[in-house]
Amino acid sequence: MTRCVWLLGVALSALGCQQNDLNRPCNLRFSDGGAIPERLAREYTLNNKDFVAVGATDCDSLICVRDSSYRSTAADDQDAQGYCSRECITPGNVCETEKPENDQPNSPNRLTCKELLLSEIILADPIVRAQLGVSGSLFCSRSGRLDGGT
């Protein structure tokens, strides 16, 4: 009997302590699933814009972000990477990650809620937005700006 109670407790603990994947590395993908090359992501973010890729299967929320402050050492022809994000509600609020050290005020990996620029494909097609579960333009991001890269 004690063993059954212990196993039930372990099982319930595992269900209740699901970790989030915010800030984990992810691959930026086009809406058709094709890889976005590093060259394109770098050019886009050099223009002080943020890159939001919706449909990233390596993120629980399916959202992979690369803000304009993201630095990569990848070659131009390699697949571009970003970090897992999610939509948020209140600009400036901290988005807590599974690593408390990333949530500290001076951490370069701290995620806060801010407006990011969505691709024209997502903005133009409300059906795509609904299918992908994206309703707004506020996302958890490392970038220090609250202006969406503009």
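Worth pointing out:
- The order of LEU116, LEU62, LEU28, LEU40, going from fewest to most other C-beta atoms within 10 Å of their C-beta, is LEU40, LEU62, LEU28, LEU116.
- Additional length obtainable on full extension of the chain from ASN47 to THR90, 0.36 nm per residue less Cα span: 12.9 nm
- Surrounding net charge for GLU96, when Lys and Arg each add one and Asp and Glu each subtract one, Cβ distance under 13 Å: -1
- In terms of overall dimensions, the C-alpha atoms belonging to the range 40-93 reach 34, 25, 14 Å along their principal axes, ordered largest to smallest.
- Counting neighbouring beta carbons within 10 Å and listing from fewest to most, the residues ARG39, ARG66, ARG142 come out as ARG39, ARG142, ARG66.
Every read-out reported here was derived from the displayed coordinates using simple, explicitly stated rules and does not represent laboratory data. In this text the structure is predicted, and so the values were computed from the model without any measurement. Ideal geometry is used to build each Cβ from the backbone, glycine not excepted, and the neighbour counts take in all protein chains shown.
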